[in-house]
Amino acid sequence: MESETNTADELDVFKFGSKSNESSNAAEERAVSRPTLDEYYDTTNNRRGVALVFCHMNFSSMAKRNGTDKDRDDICNVLYGLDFEVRVFDDLSRKEVLETLKEVSREDHTDNDCLVVVVMSHGEQGVLYARDNKYTVDSLWKNFVGKSCESLIGKPKLFFIQGCRGEQLDEGVTMAAHGPKDMVDSRREPIVYSIPAMADLLVMYSTYDGYYSWRNPKQGSWFIQSLCKELTDNGRTKDLLLLLTGVTRRTAFEYQSFVPHDKRMDAMKQIPCIVSMLTKVFYFTKKTKN
């Protein structure tokens, strides 16, 4: 059941009443200002930002993830091309993964546009696996949201997760196909306002909750390869959500499993899932080299 809150039309006014009765006293009504905000995230900082790439191929007690090294190399090359400071971590333990995230959250990101975290590993519903043990998926971003990392407040925090989220398989459905900005405003007014703690976070999963995620042992995973192709082809010209819709489209339409000796696994499909709390439009604008 949804909880109720006191709201006014379009959130222009919030009524602060007494604990027992709502007061009609005008002094107890506080107008919530609506600052004039830019529609676009600021990309005029000197640096694009840090990109963390966690690649898990070898595990203490799980199957080797062949092909993930190609995913790692390809996504790193793409992120380098988009001006990120890329840091690669191979086969870390659970403790090392969590400590790395905490250490990066303590850095000063003031001069960065955004943060990117890419994780490629085995997974289940709500968890990912490090080399030796599992951890909850939300451990990836809990150190970067709200006041946990003040230098990233108001900046995009982007997480891309390649891994299974369950064991269900997507058999797909048959579909019949039929035929066929101006970003000049650079004002930086000193406005103080409140935003939700989870604002400006985006998480893109390789598959829908509860479903299997596919990886080719030689060519890499469907999702990461689609992400690389889309960022390579359109990373400078389209906004982020349009890019990620392209990633979803590539994964959904261009891939299908081929396991003829196993009828249960053959001819399966996959659809990525985007969870976005972004509040503005984001472009990977070209950085000027100093």
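Shown are F84, F89, whose ranking by accessible area with a 1.4 Å probe and every protein chain present, most to least, is F89, F84.
Taking a ≥ b ≥ c as the square roots of the eigenvalues of the Cα gyration tensor, region 62-140 is classed as oblate, since a/c reaches at least 1.5 and a/b does not exceed b/c.
Roughly speaking, what is the stretch gain from T232 to S194, that is 0.36 nm per residue apart minus the C-alpha to C-alpha distance, in nm to one decimal?
Details: separation 38, 0.36 × 38 = 13.68 nm, distance 3.57 nm.
Gain on stretching T232 to S194: 10.1 nm.
Distances between placed amide hydrogens fall under 5 Å for G123 paired with C164, all partners being 5 or more residues away or on another chain. Segment N133..V173, full-extension length gain: 10.8 nm, with 0.36 nm per residue of separation and the alpha-carbon distance subtracted.
When nucleic acids and ligands are ignored and a 1.4 Å probe is applied, T245 ends up with an accessible area of around 70 Å².
Note down the net charge around K155, summing +1 for each Lys or Arg and -1 for each Asp or Glu among other residues with Cβ under 12 Å from its Cβ. Can you show the working numbers first?
Details: positive: R47, R48, K157, K280; negative: D42, D111, D113, E150, D200.
Once positives and negatives cancel, what remains is -1.
Among 278-286, 45-53, 198-206, the peptide with the highest mean count of other Cβ atoms within 10 Å heads the list, and the full ranking is 198-206, 45-53, 278-286. The packing ranking of peptides 141-147, 252-258, 112-118, highest mean first, is 112-118, 141-147, 252-258, where packing means the average number of other beta carbon atoms within 10 angstrom of each residue.
The values are calculated or read from the model by the stated rules, or taken from the named source; none is laboratory data. As the structure is a prediction and not an experimental result, all values here were calculated from the model. Neighbour counts run over all protein chains shown; Cβ positions are idealised from the backbone, glycine included. Accessible surface areas use protein heavy atoms only, side chains included; no ligands, DNA or RNA. Shrake-Rupley method; radii C 1.70, N 1.55, O 1.52, S 1.80 Å.
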